[in-house]
Amino acid sequence: MSDSQDTSVPEERPGCGDRRRLVKTKTPGVFKRIDGHGQIVGYVTVIRVAGKQRKRNARTYEAARRIKRESETDRDRGELQEPTTTAFLRFLDEWVERYRGQGRRGFRENTRDEYRRLIEKYAHPYFSSKLRLVDVTTFQLARFVDWLADEGEQGKRLSDATVANIVIPLRAALTTAKREGLIRHNPGHGLALPHREEIAEEEEEIKVFSREQLSAVLAMAPERHEVLFEVLATCGLRISEAIALQRLHLQIDGSEPEVCVRRAMVKGRIEPPKTKYGRREIRLPASLVYRLRAHLTALEDQDSTALVFTNREGNPIEPGNLRRRGLKPLVQEVDAPWAGFHTFRHTFASLHLSRGTNLLQLSRALGHHSAAFTLSRYTHLLPGDEAPALDLSPTTPAELLVGADA
């Protein structure tokens, strides 16, 4: 006999003095509950899931039949499982440690760190530790979004983009919970995010070294890091890309020497670029090639995967330490205390623009996703404040003659 045709009467366990009993109806799996006076006091539906009886109460016979039909459909689709008692916050903490992403590119450990931080900073203070995963509703998530958008609660205004980023790990976790059968519906679907009027803020102006300042910084750079600083200035690399360079990324023995950007050092981890545009090759000038050859020859580790630039212990460079101890004294000396490692990159772009470098080529060298982004980023660095009107008047006797005939 199949589960759906189970006609056995389930065992009732009445309390002391309770003479209620279950009586079969004409619908298998639906029973009348009869009290001690022979009166119907309700109905009970019974189906079997994984060899165990599952009961649900109903007030009317029709309601009991409907519940039975829906329950059997859910069971046959594998959607009827024992409700989990796991707390929502506990599930988030467990999920973030095992999540592997959904795309083909996998899931970055730095993204995991960020998800972990967002859950700890925002989800834990808001949601009760007693809230069960199965009890999370869209209404509760909407109130969470309202809380994030409340300047008084946050002590500052979180941008709409920031609010959306905070919600991402919660939505992803709920998607996993539904896929694993822990919840029937994902309350994160259809959740509305804020789209408030943008508050106009004055963009921070991109500052660059003057030629004199750049020359002075490179001339005074500590001997141990002078080649690194020259690579930053000459190639326009991000500091995370420069400190992740390995010997195999420097192609300096052929007729067309170049540096191949393939990795970035982020929070102590070497990872591929976030996008395909970050993978690029940059031609090297002869002067830098000679210095890089000498630098590599002096390194103790000659393995092709060895880092090109390390600290004194031979470990990866920590940008914060290098900024404080190596760069800061130099930029203060040249009267540019605002400068950081990214200033080398901005100066690289500025010098190329002043020389009339093709914008598309510059965009590729910088690893930007489009020339339009490069243009928007560095428009104010383009030479000249405005384009003059075109002079279309004839300038030669021949042109004057054509104009007269016309």
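The numbers here are math on the coordinates, done by the rules we state, and not lab data. All of these numbers come straight from a predicted model, not from anything done at the bench. Cβ sites come from the backbone with ideal geometry, for glycine too, and all protein chains shown count toward neighbours.
Summary table below
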quantity	calculated
Cα principal axis extents for region 188-283, largest first, Å	57, 33, 26
Ranked by how many other beta carbons lie within 10 Å on average, peptides 236-246, 221-231 from highest	236-246, 221-231
Using θ = phi - 60° and Karplus 6.51 cos²θ - 1.76 cosθ + 1.60, couplings along region 234-249 (whole Hz; Gly, Pro as x)	7, 10, x, 6, 6, 4, 5, 6, 5, 6, 9, 5, 10, 3, 5, 7
Which of Pro28, His368, Leu89, positive extreme of dipole for the chain (C-beta unit charges)	Pro28
Positive-end extreme of charge dipole, region 262-313 - chosen from Ala294, Val266, Ala306 (charges on Cβ)	Val266
Residue among Arg263, Arg116, Arg143 with the largest mean-square fluctuation in a Gaussian network model of the chain, springs linking Cα atoms under 10 Å	Arg143
Estimated inter-spin distance, His195 and Asp35, nm [label 7 Å along Cα→Cβ]	5.6 nm
The chain - charge dipole about Cα centre, Lys and Arg +1 at Cβ, Asp and Glu -1, debye rounded to 20	3220 debye
Cα gyration tensor shape for region 106-172, rounded if a/c is under 1.5, else prolate or oblate	oblate
FRET E, pair Thr357, Arg171, Förster distance 35 Å, beta-carbon r, rounded to 0.05	0.25
Contour excess over end-to-end distance, with Cα ends at Ser376 and Glu205 and 0.36 nm allotted per residue	60.3 nm
Integer Hz, Karplus 6.51/-1.76/1.60 couplings in order for region 214-222, x for Gly and Pro	5, 4, 5, 4, 5, 5, 9, 4, x
For region 249-324, convex hull volume per residue from C-alpha positions, Å³	123 Å³
Over 30 Å (Cα to Cα) - which of Lys130/Lys274; Lys26/Lys178; Lys121/Lys274; Lys178/Lys274; Lys55/Lys178 fall in this group	Lys130/Lys274; Lys26/Lys178
Cα lying deepest toward the dipole's positive end in the chain, options Leu381, Ile119, Leu133, charges on Cβ	Leu133
Lys, Arg +1 and Asp, Glu -1 on Cβ, resulting dipole of region 225-339 about Cα centre, debye, nearest 20	520 debye
Label-point gap, in nm, between Leu392 and Thr85 - each point 7 angstrom along Cα→Cβ	8.3 nm
Extension gain (nm, one decimal) between Glu226 and Glu256, 0.36 nm per residue minus Cα-Cα	8.5 nm
Glu271-Asp303 pseudo-label distance in nm [points 7 Å out on the Cα-to-Cβ vector]	2.3 nm
Three-way shape label, the chain, alpha-carbon gyration tensor, a/c 1.5	prolate
Region 56-68 - phi-based ³J(HN,Hα) in whole Hz, Karplus 6.51/-1.76/1.60, Gly and Pro as x	9, 8, 8, 8, 10, 5, 5, 5, 5, 5, 5, 4, 5
Nearest 10 degrees, 0 to 90: helix 109-118 Cα axis against the chain principal axis	60 degrees
